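Written below as structure tokens is the structure these notes are about.
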Amino acid sequence: MIETFIQYLILYFVVIDPIGTVPLFIVVTKGLKNNDKIRVAFEGVIIATLVLLFFAIFGSYLLKYLGISFNAFTIAGGIILFIISLQMLFDIRTERRKKSINEKRESISIFPIAMPLLAGPAAITSVILAVSSAGENYSSFIINLISLTVVMIICLIVFRIFINFQKYINEKIINIFSRVIGIILAALSIQYILDGLKSFF
């Protein structure tokens, strides 16, 4: 159970990428007082958590209703995650997020903090894949939800820390760490594709 918990924890940490989201959080909350930044962080994390839990609980039922096989979704999800990992490696994802932030600043706790920065396509896809792979194993399902919740709590803690120490942040270090996460995500995405092909054949 501990191994399963750690596996899900790493997966969600990688795809949600709380560290890589920090520079964009700082950009979108620029000019706000610290108390307002804390409120935006709290609301954004709560909304993102609810969105991801929704897909964790009902995502597999949506697949069945649409007639999409788990193997097909696994392969498609792996391809999507691989594309996102390449975007992270070449910093395309950060630039796209910054563009989204600049286009709309109203209700920033919902958009873009909750969606798409935290509960983005990669996170939603990973949640559905992870829950679907658990099948009828309810203990694995519960561990999955706990892992997701823990990562979202980590997101809130990371935001809180960086709000207090943002003037000491070196953005280059964050960018390097984000690229390391991109490499890990690329490996996970390839594993998804291989698992899907293996099950299909």
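Counting just the residues of the stretch 65-90 that are over 22 Å from LEU194 (Cα atoms) and either at pLDDT 80 or above or touching a helix residue (DSSP H, G or I) at 6+ places or on another chain (Cβ under 7 Å) (or both), which one comes out least open to solvent (accessible area, probe 1.4 Å)?
Among those that are over 22 Å from LEU194 (Cα atoms) and either at pLDDT 80 or above or touching a helix residue (DSSP H, G or I) at 6+ places or on another chain (Cβ under 7 Å) (or both), it is LEU66.
Taking into account only those residues within the stretch 127-146 that are hydroxyl-bearing (Ser, Thr, Tyr) and under 22 Å from LEU50 (Cβ atoms), which is modelled with the lowest pLDDT?
The extreme case among them is SER132.
Only residues that are small (Gly, Ala, Ser) and touching a residue at least 60 places away in the same chain (Cβ under 8 Å): list them for the stretch 1-54, please.
Result: GLY20, ALA41, GLY44, ALA48.
Pairs only if they're at least six apart or on different chains, beta carbon under 7 angstrom, first in the stretch 112-123 and closer than 15 Å to ALA56 by Cβ, second at pLDDT below 75 and open to solvent by less than 10 Å² (accessible area, probe 1.4 Å); list them, first residue then second.
Final answer for the pair search is ALA122/LEU81.
The rows are residues; the columns are (1) at pLDDT 85 or above; (2) among the hydroxyl-bearing types (Ser, Thr, Tyr); (3) farther than 21 Å from ALA186 by Cβ; (4) open to solvent by 50 Å² or more (accessible area, probe 1.4 Å).
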residue	(1), (2), (3), (4)
ILE6	yes, no, no, yes
ILE19	no, no, no, no
VAL28	no, no, yes, no
ARG39	yes, no, yes, yes
ALA56	yes, no, yes, no
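Restricting to the stretch 16-70, and then to whatever is of a type in the set (Ser, Thr, Tyr) and more than 22 Å from ILE153 (Cα to Cα), can you tell me which residue is farthest from the chain's Cα centre (by Cα)?
TYR65
The values are calculated or read from the model by the stated rules, or taken from the named source; none is laboratory data. All of these numbers come straight from a predicted model, not from anything done at the bench. FYI the Cβ positions are ideal-geometry reconstructions off the backbone, even for glycines, and counts take in every protein chain you see. When the accessible area is computed, the model is the full protein with side chains, heavy atoms only, and any ligands, DNA or RNA have been set aside. Shrake-Rupley method; radii C 1.70, N 1.55, O 1.52, S 1.80 Å.
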